[in-house]
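What follows is calculated from the coordinates using simple rules that are stated; it is not laboratory data. As the structure is a computational prediction, the values presented were derived from the model and not from experiment. So basically every Cβ, Gly included, is an ideal-geometry build from the backbone, and we count neighbours across all protein chains shown.
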Amino acid sequence: MIRINLLPHREEKRRARRQQFYALLGLIAVLSGLIVFLVYSVISGYIATQDGRNDFLKQEIAVLDKQIDQIKRLKEQSDALMARKRIIESLQRDRAEAVRLLSELAKQMPEGVYIRSLKQVGQSISLIGYAQSSARVSTLMRNIEASPWLEKPRLIEIKAVIVDKRRLNEFSMNASLKRAVAGEGGQK
């Protein structure tokens, strides 16, 4: 006898395939979601690590900026101290300059010449005075030129005046101070 199967076996096969397809589709969707979640987690972990590094670098940069500011302040203080030191050295070197100037002028002053005004600005000296004759003024200029502390005498003006019923020559001249050599100043 021939057996005929009247059950819808093809329908069941299709249904079984469809169920298999949906199961695979759900499994793939779950795996895809899992892979996306893992990739997202790894990338956000990298981002969080990089943000931590960036924050650390910002903190270190802030510390370095503070140190740079301190270094700038220290450099400014150092420059100010060096400027003060140079001024003190200059004052130390020049402290006896006024005494030396007056002493040298007294040595170089010829008889019959009188100083009415003496003014020093830096290394420049301005003399205003009276002389009994113009020859004595030229002697004073030669003495200044030969002096170890004075140099470059320049006569500005000489004119005849009457002072206390005496005829004198009023003169004004400029000269310069010679700077003492550092080794020479230390020995004296």
Can you tell me which residue among SER78, SER90 is hydroxyl-bearing (Ser, Thr, Tyr) and either within 30 Å of LYS178 (Cα to Cα) or loosely packed, with under 10 Cβ neighbours inside 10 Å (or both)? SER90
Among the residues that make up region 135-156, is at least one of them free of Cβ contacts under 8 Å to residues at least 60 places away in the same chain, in a strand (DSSP E or B) and small (Gly, Ala, Ser)? no
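Conditions (1) surrounded by fewer than 18 Cβ atoms within 10 Å (Cβ to Cβ); (2) acidic (Asp, Glu); (3) out of contact with any Lys or Arg (no Cβ under 8 Å at 6 or more places or on another chain), marked per residue:
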| residue | (1), (2), (3) |
| --- | --- |
| VAL121 | yes, no, yes |
| SER134 | yes, no, yes |
| LEU140 | no, no, yes |
| ILE144 | no, no, yes |
| LYS152 | yes, no, yes |
| ARG166 | yes, no, yes |
| GLU170 | yes, yes, no |
| ALA175 | no, no, no |
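Does ILE28 satisfy being surrounded by 10 or more Cβ atoms within 10 Å (Cβ to Cβ) and under 60 Å from the mean Cα position of the chain (by Cα)? Quick ask: steps written out before the conclusion?
Numbers: surrounded by 10 or more Cβ atoms within 10 Å (Cβ to Cβ): yes; under 60 Å from the mean Cα position of the chain (by Cα): no.
No; evaluated as a whole, the condition is false for this residue.
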